[in-house]
Amino acid sequence: MAIEKINSADLSVSTLQLIECAKKVMSNAYNVYSHFYVGAAARTISGKIYSGTNVENASLGLSVCAEPAALLLAISAGDPEVIDMAVVGGTSPDTKGGRVATPCGRCRQIIYEVSQISKTDIMLYCCNPDLSEILRMTISDLLPLPFGPKDLGVEKEVENYLGQLRSTISEDKK
Ligand code: THU
């Protein structure tokens with residue numbers, strides 16, 4: 001796929017909802033060091049949306065980006081099959097215009113890993129704070145030639161993880 005500029009009028013209600021979730025959570029950013037706000041929302045095949053924001057740390061390198069914050073919630077909920085994500089970022093949630101926020105390199109690698117669990121080339125909607133600019137792309141657009149489970153010969157383990165998770169969930173329902 002190619003990276004595409006999208007008009008919000010052309011988005012489905014469910015994609016707009018995903019973007020709104022990312023926009024909403026960015027106000028909760030713990031960003032006392034950078035004062036940069038990021039919200040991310042990840043939707044799984046179940047239709048649930050998990051949102052996360054950036055959480056900074058005095059030991060600057062330990063700061064957590066919004067994208068993994070959202071993805072960790074999905075995985076921790078036992079619902080890791082992410083199909084699409086929205087990312088909204090900027091110097092303030094109320095900024096008019098501004099640049100579109102796209103995932104940093106580390107986040108791209110983390111999103112790629114989750115795409116291997118969901119076996120989906122995760123679609124990303126990257127937005128500026130007032131949502132006047134939206135870019136649509138997939139994780140493979142953002143991270144060509146990725147390093148992942150296949151390189152370490154663990155594709156089967158990734159598949160087994162999902163299988164085990166599903167059997168645990170159906171056991172719990174009994
Ligand atoms: N940040 C994210 O949350 N996601 C990214 O992909 C890029 C950067 C956060 C980390 C830090 O809290 C702030 O933005 C400035 O780098």
Considering only residues of the stretch 21-60 that are among the hydroxyl-bearing types (Ser, Thr, Tyr) and in a loop (DSSP other than H, G, I, E, B), which is nearest to the ligand (Cβ to nearest atom)?
Ser34
Only residues that are surrounded by 12 or more Cβ atoms within 10 Å (Cβ to Cβ) and at pLDDT below 95: list them for the stretch 4-62, please.
Ser8
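If you check Leu131 against the conditions, is it within 11 Å of the ligand (Cβ to nearest atom) and either under 12 Å from the mean Cα position of the chain (by Cα) or at pLDDT 95 or above (or both)?
On the way: within 11 Å of the ligand (Cβ to nearest atom): no; either under 12 Å from the mean Cα position of the chain (by Cα) or at pLDDT 95 or above (or both): yes.
In short, no.
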Scan of the stretch 66-77 for residues that are within 11 Å of the chain's Cα centre (by Cα) and open to solvent by 40 Å² or more (accessible area, probe 1.4 Å), ordered by number:
Leu72, Leu73
Ala70 passes all but one of the listed conditions (1) outside any loop (DSSP other than H, G, I, E, B); (2) more than 14 Å from Ile19 (Cβ to Cβ); the exception is number (2)
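Just checking, which of Leu72, Leu165, Leu152 is among the aliphatic types (A, V, I, L, M), under 24 Å from Val55 (Cβ atoms) and out of contact with any helix residue (DSSP H, G or I) (no Cβ under 8 Å at 6 or more places or on another chain)? Even if it seems obvious, please write down each step before you answer.
Values: Leu165 fails: under 24 Å from Val55 (Cβ atoms); Leu152 fails: under 24 Å from Val55 (Cβ atoms).
Going through Leu72, Leu165, Leu152 in turn, the sole match is Leu72.
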Can you confirm whether Ser59 is farther than 30 Å from Arg166 by Cβ and more than 14 Å from the chain's Cα centre (by Cα)?
yes
Scanning the stretch 78-115 for residues that are farther than 24 Å from Glu56 by Cβ and open to solvent by 40 Å² or more (accessible area, probe 1.4 Å) gives Ile83, Lys96
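The values are calculated or read from the model by the stated rules, or taken from the named source; none is laboratory data. Keep in mind that what you see is a predicted model, and the values were worked out from it rather than measured. Reconstructed Cβ throughout: ideal geometry from the backbone, glycine too, with neighbour counts over all protein chains shown. These area figures cover heavy atoms from the full protein model, side chains too; ligands, DNA and RNA do not enter into them. Shrake-Rupley method; radii C 1.70, N 1.55, O 1.52, S 1.80 Å.
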